[in-house]
Amino acid sequence: MDMDGVLIKEEHLIPGAPEFIARLQELDRRFLVLTNNSMYTPRDLVARLSSIGLELPEGAIWTSALATARFLARQRPRGSAHVIGEAGLTTALHDVGYTISDRNPDYVVLGETRTYSFERLTRAIQLIARGARFIATNPDTVGPSPDGPLPATGSVAALISRATGVQPYYVGKPNPLMMRFALNAIEAHSESTAMIGDRMDTDVVAGLEAGLHTILVLTGVSTIESAERFPYRPGAIAESVAELVDQLKPAQPAGKRTARA
């Protein structure tokens with residue numbers, strides 16, 4: 001499931017979120033909370049969520065920073081990267097053996113930060129012009145805040161692309177790669193997994209392209225009216241995760257499950 005717009009909204013719990021997570025844990029259902037925000041480590045996010053009343057284990061959080069690090073470790077093991085981002089991204093890269101460097105790095109990796117600077121952007125543009133490969137954690141153009149939208153990774157990536165003529169490879173949603181990594185992390189199969197999200201253009205399309213059942217909740221960005229404008233549809237629509245609590249049932253014994261047609 002997505003985090004922002006599904007479990008929390010602007011640092012406040014969405015009604016029903018704690019009960020939904022508790023029900024998943026009661027039934028011993030494997031799950032991951034996904035976020036395109038690369039600023040924080042899973043440990044940081046666990047602490048932030050706990051402070052507002054939502055208890056999650058560290059292993060239940062999957063960020064675009066973790067997905068980006070996993071992708072780069074497979075593409076070019078123990079490589080180097082010039083990073084524009086926060087601790088969530090640099091920690092993930094360090095954990096897979098990457099070196100952070102601005103001297104002939106293999107990659108320029110762009111993530112979320114609240115301290116974009118002209119100097120750092122200039123250096124990124126120069127390194128890409130010299131041949132560094134361009135990676136961005138996610139394509140989100142804006143992020144939420146109590147005061148209104150904030151420029152996010154996708155907006156800054158567009159600036160760098162405009163200056164260099166190089167488009168980044170986006171690892172986070174809606175790239176199905178992030179969903180595949182998440183499925184592997186909980187040893188799940190796409191046919192028996194659902195994606196719950198509040199955005200048609202990231203959560204729902206990512207779930208569909210990864211072969212998951214999709215559920216759109218109306219507590220975030222998308223509305224029923226806006227969802228109708230897309231050429232694809234979610235498998236189900238719910239007002240919020242509170243509506244899903246009573247729909248979670250204990251798993252049937254293997255011999256009593258209804259066969260698929």
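Summary table below
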quantity: Sole exception among (1) at pLDDT 95 or above; (2) within 24 Å of L150 (Cβ to Cβ) for E10, by number; calculated: (1)
quantity: Residue that is surrounded by the most Cβ atoms within 10 Å (Cβ to Cβ) [pool: residues in the range 63-88 that are of a type in the set (G, A, S) and part of a loop (DSSP other than H, G, I, E, B)]; calculated: G85
quantity: Odd one out for D28 among (1) outside any helix (DSSP H, G or I); (2) modelled with pLDDT of 95 or more; (3) not basic (K, R); calculated: (2)
quantity: First in the range 70-87 and under 17 Å from G172 (Cβ atoms), second anywhere and outside any loop (DSSP other than H, G, I, E, B) and among the β-branched types (V, I, T), Cβ under 6 Å, 6 or more apart; calculated: A81/V109; V83/T90; V83/I100; V83/V109
quantity: Count of residues meeting criterion [over 24 Å from T193 (Cβ atoms), under 17 Å from the mean Cα position of the chain (by Cα) and touching a residue at least 60 places away in the same chain (Cβ under 8 Å)] in the range 12-48; calculated: 1
quantity: Residues (β-branched (V, I, T) and closer than 24 Å to L177 by Cα) located in the range 47-75; calculated: I61, T63, T68
quantity: Tally, over the range 120-143, of residues that are within 17 Å of A81 (Cα to Cα) and exposed (fewer than 15 other Cβ atoms within 10 Å of the Cβ); calculated: 4
quantity: In the range 89-119, residue surrounded by the most Cβ atoms within 10 Å (Cβ to Cβ) [restricted to those that are in contact (Cβ under 8 Å) with a residue 24 or more places away in the chain and among the β-branched types (V, I, T)]; calculated: V109
quantity: Failed item, numbered, when G235 is tested on (1) surrounded by 22 or more Cβ atoms within 10 Å (Cβ to Cβ); (2) at pLDDT 95 or above; (3) of a type outside the set (A, V, I, L, M); calculated: (1)
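The values are calculated or read from the model by the stated rules, or taken from the named source; none is laboratory data. In this text, all values refer to a predicted model and were calculated from it rather than measured experimentally. In this analysis, Cβ positions are derived from the backbone assuming ideal geometry, glycine residues included, and neighbour counts consider all displayed protein chains.
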